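Here's the structure, in structure tokens; my notes come after.
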Amino acid sequence: MIVAEQKPIQAILATLQGADSVLLAGCRGCVTVCGAGGEKEVRVLASLLKSARNEQGRPIRVDTAVVERQCEPEFVDELPYSRDDHDAVLSMACGAGVQLVAERLQDAIVLPALDTTFIGVSEGKGTWVERCKACGDCKLHLTAGICPVTRCSKGLLNGPCGGSSNGACEVDPSIPCAWQLIVDRLERLGMLDRYEEIIMPADWSEYGKPSSMDRGDIK
């Protein structure tokens with residue numbers, strides 16, 4: 001899932017300097033799961049914004065709404081935004097959600113309340129770790145389902161580098177050596193012969209460029 005965290009309150013207030021009324025929009029998708037932009041977080045941030053602006057002697061009106069997902073047009077269109085009532089929309093979604101809200105609400109100033117950090121998985125309550133960089137050239141079938149691009153500190157497609165010790169990365173001993181994990185899993189699966197195969201360089205030609213996908217079969 002996409003993992004995000006709330007911007008510091010002072011940074012959010014700085015973006016709202018010219019606003020006297022705002023629609024604070026939450027999302028029930030990934031940011032709810034990681035505790036950054038769901039209904040609870042919307043209520044808390046709304047209260048903080050109003051209190052902070054009252055202290056500044058510049059009260060702000062904060063209307064709130066939470067939609068199912070801000071990354072899908074049909075849900076974004078449910079936002080009760082009005083140009084007459086709101087100076088801005090403050091989105092508590094990931095970066096993709098913020099951009100879709102801006103795309104759908106052409107006459108709205110749309111501001112981010114969160115910083116999008118990575119694509120990850122849960123390792124326990126309140127803990128998420130990065131597992132994917134969305135590089136577009138997945139090698140997981142060659143590495144026993146463990147991504148060396150993301151989990152190796154050096155991003156080595158063929159490893160290990162020789163600097164690990166006792167299964168720990170030399171760059172940061174708190175990080176398990178990704179290639180040790182890969183070799184151990186290949187051995188456990190009876191597929192250690194795959195370790196002898198050279199993994200060709202990833203095709204990075206499209207990485208970093210705007211991407212799209214058109215699945216006509218599910219329209």
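Here are some notes:
- Here's the list of aspartates and glutamates a cross-link from Lys40 could span, going by alpha-carbon distance under 16 Å and ignoring same-chain residues fewer than 8 apart: Glu5, Asp63, Glu68.
- Portion, in percent, of the accessible area of the chain that falls on carbon or sulfur, probe 1.4 Å: 51
- Solvent-accessible area per residue for the chain (1.4 angstrom probe, square angstrom): 58
- Cα-based shape type of the stretch 20-99, given that a ≥ b ≥ c are square roots of the gyration tensor eigenvalues and the cut on a/c is 1.5: oblate
- Length released on extending from Glu130 to Glu72, taking residue separation times 0.36 nm less the Cα-Cα span: 18.5 nm
- Net lengthening on full extension, Asn166/Met1 (0.36 nm per residue, minus Cα-Cα): 56.3 nm
- Interchain or long-range residues, amide H under 5 Å from Ala4's placed H: Thr117
- Among beta bridges that DSSP assigns inside the stretch 16-131, antiparallel share in %, nearest 5: 20
- Selection among Thr150, Gly167, Leu105 by position relative to the dipole of the stretch 99-194 gives Gly167 as farthest towards the positive end (Cβ unit charges, Cα centre).
- Label-to-label distance, Ser51 versus Asp87, with points set 7 angstrom from Cα along the beta-carbon direction: 2.2 nm.
- Model label zone, Asp203; criterion: amide N under 13 Å from point 7 Å along Cα-to-beta-carbon; scope the stretch 139-167: 139
- Cα-based helix-to-principal-axis angle, 39-55 vs the chain, degrees rounded to 10: 50
- For the chain, the longest principal axis of the alpha carbon atoms and the long axis of helix 95-104 meet at an angle near 40°.
- Whole-Hz couplings from phi, Karplus 6.51/-1.76/1.60, listed for the stretch 125-131; x for Gly and Pro: 4, x, 10, 10, 10, 6, 10
- Square roots of five times the Cα gyration tensor eigenvalues for the chain, Å: 42, 20, 14
- Span from the the stretch 4-70 Cα centroid across to the the stretch 130-204 one, whole angstrom: 39
The values are calculated or read from the model by the stated rules, or taken from the named source; none is laboratory data. Note that the coordinates shown come from a computational prediction; the quantities given were computed from them, not determined experimentally. A quick note on method: Cβ atoms are made from the backbone with ideal geometry, for glycine too, and the neighbour counts reach across all protein chains shown. Heavy atoms of the whole protein, side chains included, go into the accessibility calculation; ligands, DNA and RNA do not. Shrake-Rupley method; radii C 1.70, N 1.55, O 1.52, S 1.80 Å.
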